[in-house]
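Asks: The structure under discussion is supplied below as structure tokens; questions concerning it will follow.
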Amino acid sequence: MSTYRDLALSRALQVGRAGGAGGSARATVLRTVGARERRSHLTAPRVPTVGIDIGGTKVMAGVVDADGAILETLRAETPDKSKSPRVVEDTIVELVLDLSDRHDVHAVGIGAAGWVDADRNRVLFAPHLSWRNEPLRDRLSGRLAVPVMVDNDANTAAWGEWRFGAGRGESHLVMITLGTGIGGAILEDGQVKRGKYGVAGEFGHMQVVPGGHRCPCGNRGCWEQYSSGNALVREARELAAADSPVAYNIIDRVKGSIPDITGPLITELAREGDAMCVELLQDIGQWLGVGIANLAAALDPSCFVIGGGVSAADDLLIGPAREAFRRHLTGRGYRPEARVARAQLGPEAGMVGAADLARLVARRFRRAKRRRVERYERYERYVQAARRTARTQGSQR
């Protein structure tokens, strides 16, 4: 500490020779900044933040408060994957700046459909976008001038459900997101488990059928080839293409245009009682239950939360999944059984979770900044004390 004070005394003497006005003005500014930072830190848990959910077809941005309530949302089409990463970044920046015109934004959280490194800076690979080892956090932080958090979209969705949705109160939670493929996330004791390299939770690429359907990942028989939106649509289109009698209703609905068969249409017809569509969702649900049983054997969570677009089928999907889970669970009848629940936050789960994770980053940012300000204030006090001592010594001479 004496070295620090000696440095302060030396600084004071230099300022004293050059004139003391500059040091006084700087101290005033620092005191003002310090007071402002302390006030903002006290309110940091309640400040609004922006969550961004980047998918293969859309970029959704929303301002979310500390209770998980969405104050405003904006959407834009995801730029074509053949375009440069800069185009996607521009879209994100435009949405955030638009929201900032009407809201006091303190941080931005991004849930990206891809692999994010353990430092939550780089998107290592995104199947639907041209991101390959892209330093997304650093680039956006420089353009937005607020703290930015980047994570995998399934991780952010799981966090949102754990904080505000179907996973509240659970100590060990596994999230399964059923969309075009299957994503997933693991939470234990309030921490997202990302793995050594940041890519944990890629459950969709567990092999469940050796030599089965080819997967875009390059392997065969991946889980998502049997329980996902793609699997559901593929089976329906194959039956329609074969002119199967059970597919006449859906063929009539799309007026013979097989490419117009979609997951939401299949779900709609299943709710209306179409036997083929009900059976297809049951098949998807059964495969979902098999995969969940495998994950229970490996991870032993207390709760599985099923989200993503396909989960909109609700009990048409979740019911068969629960039955298959119980039937395939290792040690069934002799162990506690995890709860299987549908996600409550819907398609906004990833956006809400990203915003909430960003709030934690903003809090740490403020704490670090406040500590820096306090160090400067202490330094200025030493300088002022040293300056007074130097003046006293000078007058005595």
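Asks: Taking H as built 1.01 Å from N, whose amide H comes closer than 5 Å to the amide H of residue 340, not counting residues under 5 places away?
Replies: 304
Asks: Accessible surface of residue 287 in the full protein assembly, 1.4 angstrom probe, to the nearest 10 Å²?
Replies: 80 Å²
Asks: Right, another one. What Kirkwood hydrodynamic radius, in Å, does the range 206-271 give when the mean of 1/r is taken over all pairs of distinct Cα atoms and then inverted?
Replies: 12.7 Å
Asks: May I ask you to evaluate 6.51 cos²θ - 1.76 cosθ + 1.60, the Karplus curve with θ = phi - 60°, for each residue of the range 185-200 and list the ³J(HN,Hα) values in order in whole Hz, giving x for glycine and proline?
Replies: 7, 10, 10, 9, 6, x, 10, 6, 8, 9, x, 4, 10, x, 10, 5
Asks: Here is a further query. When Lys and Arg each count +1 and Asp and Glu each count -1, what net charge do the other residues less than 12 Å away from residue 97, Cβ to Cβ, add up to?
Replies: Numbers: positive: 102, 143; negative: 90, 94, 98, 101.
My count for the surroundings of residue 97 gives -2.
Asks: Kindly state, as a whole number, the per residue volume in cubic angstrom of the convex hull around the alpha carbon atoms of the range 214-346.
Replies: Spelled out: Cα convex hull of the range 214-346, divided by residues, is 121 Å³.
Asks: Would you mind putting 106-119, 233-246 in packing order, based on average other-beta-carbon counts within 10 Å, highest first?
Replies: For the peptides 106-119, 233-246, the packing ranking is 106-119, 233-246.
Asks: For the range 91-221, what does the alpha-carbon gyration tensor say about shape, rounded, prolate or oblate, given a ≥ b ≥ c as the root eigenvalues, a/c under 1.5 as rounded, and a/b over b/c as prolate?
Replies: Working: a/c = 2.17, a/b = 1.43, b/c = 1.52.
Oblate, because a/c is 1.5 or more while a/b does not exceed b/c.
Asks: Taking all pairs of different Cα atoms in the range 154-225, averaging 1/r and flipping that mean, what Kirkwood radius in angstroms comes out? Don't jump to the answer; show the numbers that get you there.
Replies: Details: mean 1/r = 0.0773 Å⁻¹.
Computed over Cα pairs of the range 154-225, the Kirkwood hydrodynamic radius comes out at 12.9 Å.
Asks: Let me check the size of the range 236-283 from its C-alpha atoms; what are the radius of gyration and Dmax in Å?
Replies: 9.3, 25
Asks: Under 5 Å between amide H atoms, partner at least 5 residues away or on a different chain: which partners does residue 66 have, H built in plane at 1.01 Å?
Replies: Long-range HN contacts for residue 66: none found.
The values are calculated or read from the model by the stated rules, or taken from the named source; none is laboratory data. All values derive from a computational prediction rather than experimental measurement. Positions of Cβ are backbone-derived with ideal geometry, glycine not excepted, and every protein chain shown enters the neighbour counts. The area values use the complete protein model at the heavy-atom level, side chains included, leaving out ligands, DNA and RNA. Shrake-Rupley method; radii C 1.70, N 1.55, O 1.52, S 1.80 Å.
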